[in-house]
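**Q** This is the structure, below, for whatever I ask next.
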Amino acid sequence: LGRISRGIDKGVHLNKIDTFRARRAKRLFTLTTELDKCAGADLIIEAVYDDLELKKTVFRALDDLVRPETILATTTNTLSVTKLAATTRFPERVLGLHFCNPAHIMRLVEVVRAEQTRQDMLEQALDLVRKIGKTPIQVRDNPGLVVNRIAQAYYGEALCLLDDSSLDIETIDRLMEAADFPMGPFRLMDFLGVDTTFRVTKAIFEMTYFTAPYRPHPRQQRLIEAGRLGRKNGRGFYDRSG
């Protein structure tokens, strides 16, 4: 709860959230470790680690708890929502809601329709996203969806430039930020987590049948092996541990 509260406060500081909405949001939170507390919900958003078997376990448990008309949404952007829906008794109510990171600040939400998703369930999800002040974009159930597929080019070309030119990471980041990108590619990978971006790249590469543009870069692997995971431990492409 403290981490959530700090995230909201940061949104206020950045003028992304007004003070009234921030106070109201904090009052609305109810934390629990008991899944059956979700039994009366109209919509449940699952956000566990991107592991298909783990997500299947959660969805099967929810199947036994919630009403058939409850929408079950997953935040995955690398796994198949269609495959996940197929493990449930009511696959027509399953869809994807991928909130771009950081979710409390970024407005974009990729709304994924699985092959089984019912139209009225999809429309309810789109309406909810709009009601919470976000911008929904309906996308196909593809590996990486849209944002992360495009992000691979941003990261990948920057990593290749390190090998093919005399530019360093600071220069590449400054150039991209001067071109009005909010963060340069290396600063962004550190922010999201070097291990996280590598895992997403690897998943997209494998799920697109090893399409060359999505090939993970050895530099990412070496940083992970060295324990340099980015902002989460102070050392990634940049060293901020001091």
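**Q** Quick check: is even one residue across the range 55-62 assigned to a loop (DSSP other than H, G, I, E, B), without any contact (Cβ under 8 Å) to a residue 40 or more places away in the chain and of a type in the set (A, V, I, L, M)?
**A** Taking every residue of the range 55-62 in turn, none turns out to be assigned to a loop (DSSP other than H, G, I, E, B), without any contact (Cβ under 8 Å) to a residue 40 or more places away in the chain and of a type in the set (A, V, I, L, M).
**Q** Right, next: Just need a number here: residues in the range 139-188 that are part of a loop (DSSP other than H, G, I, E, B) and closer than 26 Å to His98 by Cα.
**A** Number of matching residues: 12.
**Q** If only one of Pro143, Pro185 is over 19 Å from Gln221 (Cα atoms) and out of contact with any strand residue (DSSP E or B) (no Cβ under 7 Å at 6 or more places or on another chain), which one is it?
**A** From the options Pro143, Pro185, the qualifying one is Pro143.
**Q** With respect to Phe191, is the statement that it is outside the structural domain of Ile71 (by TED's automatic domain parsing), assigned to a helix (DSSP H, G or I) and not hydroxyl-bearing (Ser, Thr, Tyr) true?
**A** Yes: the conditions hold for Phe191.
**Q** Does the range 82-97 include one or more residues that are in contact with a strand residue (DSSP E or B) (Cβ under 8 Å, 6 or more places away or on another chain) and within 23 Å of Ser5 (Cα to Cα)?
**A** Yes: the range 82-97 contains one or more residues that are in contact with a strand residue (DSSP E or B) (Cβ under 8 Å, 6 or more places away or on another chain) and within 23 Å of Ser5 (Cα to Cα).
**Q** Give the number of residues within the range 209-236 that are within 19 Å of the chain's Cα centre (by Cα) and part of a loop (DSSP other than H, G, I, E, B).
**A** Residues meeting the conditions: 4.
**Q** Just to verify a result, which residue in the range 78-127, among those that are surrounded by 16 or more Cβ atoms within 10 Å (Cβ to Cβ) and touching a Cys at 6+ places or on another chain (Cβ under 9 Å), is nearest to Lys56 (Cα to Cα)?
**A** The qualifying residue nearest to Lys56 (Cα to Cα) is Glu110.
The values are calculated or read from the model by the stated rules, or taken from the named source; none is laboratory data. Computed from a predicted model, the values in this text were never measured in an experiment. Virtual Cβ from ideal backbone geometry, glycine too; neighbours counted across all protein chains shown.
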